[in-house]
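Okay, so here's the structure we're looking at.
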Amino acid sequence: MGANSSSISELPENEYLQKLSGSEPISENDPFWNQLLSFSFTTPTNSADLKLLEEATISVCKSLVEKNPRTGNLGSLIKVFLSRTKELKISAECQNHLFIWQAHNALFIICCLLKVFISRMSEEELQLHFTYEEKAGPSSYGAECEDLIEELLCCLIQLIVEIPLLDITYSISLEAVTTLIVFLSCQLFHKEILRESIIHKYLMHGRCLAYTSRLVKTLLYNFIRQERSPPPGTHVFQQQTDGGGLLYGIASGVATGLWTVFTLGGVGSKASAQLEQCSPLASQSLLLLLVLANLTDTPDTPNPYRQAIMSFKNTQDNTAFSSSNPHAFQINFNSLYTALCEQQKSDQATLLLYMLLHQNSNVRTYVLARTDIENLVLPILEILYHVEERNSHHVYMALIILLILTEDDGFNRSIHEVILKNITWYAERVLTEISLGSLLILVVIRTIQYNMTRTRDKYLHTNCLAALANMSAQFRSLHQYAAQRIISLFSLLSKKHNKVLEQATQSLRGSLGSNDSPLPDYAQDLNVIEEVIRMMLEIINSCLANSLHHNPNLVYALLYKRDLFEQFRTHPSFQDIMQNIDLVISFFSSRLEQAGAELSVERVLEIIKQGAVALPKDRLRKFPELKFKYVEEEQPEEFFIPYVWSLVYNSAVALYWNPRDIQLFTMDSG
């Protein structure tokens with residue numbers, strides 16, 4: 001078909017693809033490769049384009065899977081790519097498009113083929129496809145090609161870290177990152193977490209290991225820079241209008257006909273319009289970074305990529321690196337912080353922020369010292385506020401980030417000093433002026449209430465309450481609405497408690513006459529809700545004991561709803577914690593009674609402020625400080641690896657996997 005191919009449906013009959021997947025071995029020196037690789041196209045920019053392409057070429061791929069063990073054509077293609085890349089750095093510096101053009105095209109075909117191979121065979125079988133040697137006499141492969149996989153992986157990493165990022169190298173850099181993700185995608189086709197993997201071994205040992213810190217640093221900088229994709233055609237070796245140059249003429253027929261079908265996501269399409277607003281390289285680099293950081297440790301080697309993420313420092317930090325970690329490096333923390341603040345709308349950026357705060361003490365210390373912490377906290381609160389629209393894992397990560405931040409007393413104090421104006425995304429009430437601390441309380445309480453009525457996730461409750469508890473001793477100048485919501489949440493819990501008690505009583509009465517049906521486990525429900533009530537009482541008590549004089553609005557709300565607390569005064573689970581709350585209610589109630597009836601809100605607050613000074617602090621019982629620390633559960637990889645790969649599956653640029661093949665996680669319907 002050659003240059004006459006004009007639609008995807010004709011690709012399976014294309015003579016070049018048929019030869020590649022045919023029964024005849026093709027030497028790496030054959031002119032065929034120049035013809036095959038001299039195509040010109042706009043790389044597919046979304047999974048829909050890739051799906052069409054994959055469906056059209058599946059017969060070619062199947063044929064190659066079947067015949068490659070005898071022909072070694074995949075190995076020849078890889079060796080052609082490796083030879084092209086040797087000149088890439090110089091080509092980029094000299095603006096020589098030819099080598100970059102052909103190397104990119106070779107890598108694109110390799111990536112497409114690898115994706116099919118990896119989805120259809122074990123790693124051991126894949127390795128056999130890379131170790132082909134001609135049976136007749138010595139070949140150019142030799143012993144060094146027994147590790148062609150390692151050579152290719154190492155070449156991809158070198159390409160990412162060494163080739164300068166220019167308009168003409170953008171596509172090949174993106175393709176290199178994508179191919180590494182594809183190499184690691186064998187995890188998608190296993191239900192269990194891969195702990196022994198040939199690809200992991202290559203990446204964590206041997207030649208690749210030396211590039212660990214440079215790869216992590218480059219991927220982070222790709223995320224930080226958010227470089228947009230250059231205009232279509234910038235990176236493609238284009239025909240000149242005056243008849244074309246000599247180099248283009250090598251295979252102009254192929255370039256103008258064969259691969260024009262690859263312009264599926266071309267200029268003007270919806271996919272391209274969306275991509276112009278973001279950075280495919282930044283997005284893909286972040287996904288690769290998350291995948292690498294979550295590779296499982298081996299018995300003799302901790303994950304070097306995780307070690308690098310845990311230990312990198314600020315470029316302004318002049319302290320010596322620890323000799324125990326060979327993978328440490330420096331990066332500009334100000335740029336990283338700015339990118340993290342701007343990108344929190346995506347699950348993967350929130351997951352990166354979580355990893356850095358949890359695992360890298362240098363980043364955590366830097367973030368907590370920022371005087372513009374609201375730039376980071378507000379996007380996190382917005383994720384929680386729109387809980388109905390968010391992936392549950394995204395919400396969970398956002399909450400844990402808040403919990404980690406609230407472990408620091410300096411953070412808990414400073415957020416009440418940051419005054420915000422007109423929070424437009426908060427719809428329940430117009431907030432013309434509110435502290436960041438009060439807004440945080442409002443959003444966390446809203447999350448608890450949503451969880452109580454919808455998802456009923458115990459861990460979500462626990463983390464929300466732990467964050468509030470960590471903050472409670474430093475509550476300052478609580479906004480009246482935040483104070484009301486604290487008491488309203490307690491009111492909701494109280495009603496729920498009474499309802500469960502009533503159900504348990506009725507169930508018990510009903511069961512006295514019948515021994516057949518088992519009792520619903522109301523005792524467990526009651527136990528859970530009483531734990532939450534206890535926690536809320538401890539949070540209120542902590543604020544009263546440590547900063548009552550700073551929070552007249554909370555005392556006001558407490559007095560307004562004082563009847564709520566009556567039933568808990570004599571309850572054995574709450575008697576001790578109720579003593580202080582009871583004392584505060586009694587003390588201020590008597591002062592209000594002395595002041596007379598029909599007092600204005602302003603007058604009540606004035607009396608509360610005066611009373612806060614007069615209240616003898618020694619009468620308040622001391623309780624241990626409320627402090628909760630986030631600790632990852634045992635075997636965190638059971639949660640994080642499926643989560644990371646679900647992000648890759650749903651968010652990767654121009655990668656498509658058949659959902660029927662995915663084993664690692666259950667696919668959402670639709």
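Candidate cross-link partners of residue 622 among the lysines, defined by an alpha-carbon separation under 30 Å and a same-chain spacing of 8 or more, comprise 458, 495, 496, 561, 609.
The residues of the chain present an accessible area of 44 Å² per residue when probed at 1.4 Å with all protein chains retained. What is the stretch 343-465 by shape, rounded, prolate or oblate, if you read a ≥ b ≥ c off the alpha carbon gyration tensor as root eigenvalues and call it rounded for a/c under 1.5, prolate for a/b larger than b/c, and oblate otherwise? Oblate is the answer for the stretch 343-465, as a/c is 1.5 or above yet b/c matches or exceeds a/b. Using the Karplus relation 6.51 cos²θ - 1.76 cosθ + 1.60 with θ = phi - 60°, the per-residue 3J(HN,Hα) values for the stretch 606-621 come to 5, 5, 5, 5, 5, x, 4, 6, 7, 5, x, 5, 5, 7, 7, 5 Hz, with x marking Gly and Pro. In the chain, the DSSP-assigned H stretches of four residues or longer account for a calculated mean residue ellipticity at 222 nm of -18500 deg cm²/dmol, using -39500 (n - 2.57) per stretch and the full residue count as denominator. Under a model in which nothing but the beta-carbon of Lys, Arg (+1) and Asp, Glu (-1) is charged, the chain shows a dipole of about 1860 debye around its Cα centre. Each residue of the stretch 425-433 is assigned a 3J(HN,Hα), and the resulting list reads 7, 8, 8, 4, 7, 6, 10, 6, 7 Hz, derived from the Karplus form 6.51 cos²θ - 1.76 cosθ + 1.60 (θ = phi - 60°), x at Gly and Pro.
Taking 397, 310 and ordering them by how much accessible surface each has at a 1.4 Å probe, largest first, produces 310, 397. Once backbone amide H atoms are built at 1.01 Å from N, residue 314 has 331 as its partners under 5 Å, excluding neighbours fewer than 5 places away on the same chain. Taking a ≥ b ≥ c as the square roots of the eigenvalues of the Cα gyration tensor, the stretch 157-212 is oblate, since a/c reaches 1.5 or more and a/b is not larger than b/c. The mean sequence distance of close C-alpha pairs (under 8 Å, at least 6 residues apart), as a share of the length of the chain, puts its relative contact order at 15 percent. Judged by the ratio a/c of the largest to the smallest principal axis of the C-alpha gyration tensor, the chain counts as prolate, that ratio being 1.5 or greater while a/b is larger than b/c.
Just the number, please: carbon plus sulfur as a percent of the accessible area of the chain, 1.4 Å probe, no ligands or DNA/RNA counted. Its accessible area is 49 percent carbon and sulfur atoms. Using the charge dipole of the chain (Lys, Arg: +1 at Cβ; Asp, Glu: -1 at Cβ; taken about the Cα centre), state which of 460, 443, 612 has its Cα farthest towards the positive end. Final value for the positive-end residue is 612.
Loop by DSSP (not H, G, I, E, B), at most 13 other beta-carbon atoms within 10 Å: where is the longest site-free stretch of the chain for trypsin sites (Lys or Arg not before Pro)? Counting at most 13 other Cβ atoms within 10 Å as exposed, the longest clean stretch of the chain is 457-620.
Toward the positive end of the charge dipole of the chain, with +1 on the Cβ of Lys and Arg and -1 on the Cβ of Asp and Glu, the farthest Cα among 369, 109, 472 is that of 472.
3J(HN,Hα) along the stretch 287-302: 4, 4, 4, 5, 5, 5, 5, 9, 5, 6, 5, 9, x, 9, 9, x Hz, from the Karplus curve 6.51 cos²θ - 1.76 cosθ + 1.60 with θ = phi - 60°, whole Hz, x for Gly and Pro. Using DSSP to define loop residues, name the GluC sites (Glu not before Pro) in the stretch 609-651 whose beta-carbon has at most 14 other beta-carbon atoms within 10 Å. When the GluC sites (Glu not before Pro) of the stretch 609-651 are filtered for loop state and at most 14 Cβ neighbours within 10 Å, 625, 632, 633, 634 remain. The alpha-carbon of residue 62 sits under 19 angstrom from the alpha-carbons of these lysines, leaving out residues fewer than 8 places away in its chain: 19, 51, 115.
The values are calculated or read from the model by the stated rules, or taken from the named source; none is laboratory data. Since the structure is predicted, the reported quantities are computational estimates derived from the model, not experimental observations. Cβ coordinates were reconstructed from backbone atoms using ideal geometry, including for glycine residues, and neighbour counts include every protein chain displayed. The accessibility values were calculated without ligands, DNA or RNA, using every heavy atom of the protein model including side chains. Shrake-Rupley method; radii C 1.70, N 1.55, O 1.52, S 1.80 Å.
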